[in-house]
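Asks: Submitted below is the structure of interest, expressed as structure tokens.
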Amino acid sequence: MSPTLKDVAERAGVSRSAVSRTFTDGASVSAKMRERVEKAAEELGYSPNALASSLTTGRTKMIGLVSNNFSNPIFLEVFDLFTREIQDQGLRPLLVNLTDETDPESSVRMLRQYSVDGVVVASSTLPPGFARAFRDVGVPVVHAFGRPSRKPEVHVVGIDNRACGRMAARSLIERGYRNVGFMGGPESATSTQDRLAGFASELARHPEIRSSHSFAAAYSFRAGREEMQRLLQGSPAEAYFCGDDVLSIGALSAIAESGLSTPKDIGIIGLNDMEMAGWQNINLTTIRQPIQKIVSASIELIVGMLSNPDLTPEDRIFPCEIIERGTLRPLAN
């Protein structure tokens with residue numbers, strides 16, 4: 001049988017409460033007592049029971065990490081970073097898939113069943129109401145990759161998607177394209193709406209440039225491929241700003257399958273700069289989203305809220321940059 005707290009207490013010659021305090025963060029225990037208890041625990045091979053500790057402290061140290069787009073490879077990178085950094089803080093991640101969930105209240109009930117200490121909503125496509133629903137029941141929450149606002153109701157960490165849209169449009173214009181298109185993800189997603197709005201606002205300053213826009217059914221390879229196949233049946237643009245990298249890669253597949261080439265026949269610029277975008281056989285020109293910074297800031301905020309739930313909600317917005325590769329024609333001299 002595994003050694004128990006009682007066994008450690010007997011080996012160390014102390015009370016069980018002393019052992020419990022030794023393994024409880026912030027509890028008062030002398031250095032001499034701690035040394036005796038830790039020595040006894042090591043000799044017995046004892047590890048404190050996290051679930052039992054939560055009954056004593058009222059804290060589970062569990063952080064709900066919720067998202068809804070598990071088919072997008074970028075989230076493998078996002079989840080890897082989040083789970084590593086949450087664990088580095090001495091907390092435990094609880095990964096929750098909300099792909100088929102449309103009711104914020106249902107999501108709140110599910111997370112509360114696990115008594116999570118806090119929640120990070122990691123999605124640019126879930127409506128803001130999901131994060132607010134956790135706030136409304138007193139659960140500390142941060143919306144990573146969320147939509148910033150002038151008066152944030154919850155903590156939001158992410159990028160300015162409108163600025164990214166403007167950046168993409170300027171880059172296409174500077175390269176001499178005169179017929180450009182936006183191929184976004186789901187039209188209902190705030191990230192899609194904002195990227196298109198920024199793209200269109202920049203193009204409005206250049207009436208000589210023809211433009212169009214369309215939407216894929218999801219932020220996925222298949223949806224990007226199918227939407228580009230549809231566009232190629234008509235009169236496609238010279239270049240497209242795709243809503244993210246996985247849509248871009250789907251579009252590249254459809255272009256190659258049609259017998260055309262990139263960037264000679266059709267240029268593509270994506271958004272995210274996920275690892276796959278830099279693979280030699282893809283070599284995607286894209287806008288880099290600073291995912292590591294977004295993850296670190298989100299965890300900093302959620303950890304801060306665990307000790308101070310009344311922190312005033314804030315937006316932390318990070319700048320993006322274009323990563324030059326091979327799917328757009330070179331900049332005009």
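Asks: Run the accessible area of the range 176-268 with a 1.4 Å probe and give the carbon-and-sulfur part as a rounded percent. List each step's numbers first, then the result.
Replies: Working: 1870 of 3880 Å².
Ligands and nucleic acids excluded, carbon and sulfur give 48 percent.
Asks: May I ask for the longest run of the chain untouched by chymotrypsin sites (Phe, Trp or Tyr not before Pro) that are loop-located per DSSP and have at most 13 neighbouring C-beta atoms (other than their own) within 10 Å?
Replies: Answer - 115-278.
Asks: May I ask for the longest run of the chain untouched by trypsin sites (Lys or Arg not before Pro) that are loop-located per DSSP and have at most 10 neighbouring C-beta atoms (other than their own) within 10 Å?
Replies: So the longest stretch without any such site is 1-149.
Asks: Taking all protein chains as present, what is the carbon and sulfur share of the accessible area of the range 90-166, in % to the nearest whole number, probe 1.4 Å?
Replies: The nonpolar share, carbon plus sulfur, comes to 46 percent.
Asks: Something else: Which of Met110, Met183, Met167 ends up with the largest GNM mean-square fluctuation for the chain, with Cα atoms connected below 10 Å?
Replies: Met110
Asks: Where the centre of each part is set by its Cα atoms, how far does the range 174-235 sit from the range 67-97, in angstrom?
Replies: 29
Asks: Work out the length of the dipole vector of the chain about its Cα centre, built from +1 on the beta-carbon of each Lys and Arg and -1 on the beta-carbon of each Asp and Glu, and round it to the nearest 20 debye.
Replies: Roughly 420 debye for the chain.
Asks: Continuing with the same structure: State which stretch of the chain is the longest one without any exposed GluC sites (Glu not before Pro), exposure meaning a DSSP loop state and at most 16 other Cβ atoms within 10 Å.
Replies: 209-313
Asks: Could you give the length gained by full extension between Ile323 and Gln87, i.e. 0.36 nm per residue of separation minus their alpha carbon distance, to one decimal place?
Replies: Length difference between fully extended and current span is 81.9 nm.
Asks: Determine the per residue accessible area of the chain with all protein chains present and a 1.4 angstrom probe, expressed in square angstrom. Walk me through the numbers before you get to the answer.
Replies: Values: 16440 Å² over 333 residues.
Value returned for the chain: 49 Å² of accessible area per residue.
Asks: Which of rounded, prolate or oblate describes the range 255-333 when judged by the alpha-carbon gyration tensor and an a/c cut-off of 1.5?
Replies: prolate
Asks: Oh, and also: Tell me, how many Å apart are the Cα centres for the range 113-138 and for the range 261-290?
Replies: Centre-to-centre distance over Cα atoms comes out at 32 Å.
Asks: Please compute the net charge surrounding Ala9, taking Lys and Arg as +1 and Asp and Glu as -1 over other residues with Cβ under 12 Å from its Cβ. Walk me through the intermediate numbers first.
Replies: Details: positive: Lys6, Arg11, Arg16, Arg21, Arg36; negative: Asp7, Glu10.
So the environment of Ala9 carries a net charge of +3.
The values are calculated or read from the model by the stated rules, or taken from the named source; none is laboratory data. Quick caveat: nothing in here was measured; it's all calculated off a predicted structure. Every residue, glycine as well, gets a Cβ built from its backbone with ideal geometry; the counts of neighbours run over all protein chains shown. Heavy atoms of the whole protein, side chains included, go into the accessibility calculation; ligands, DNA and RNA do not. Shrake-Rupley method; radii C 1.70, N 1.55, O 1.52, S 1.80 Å.
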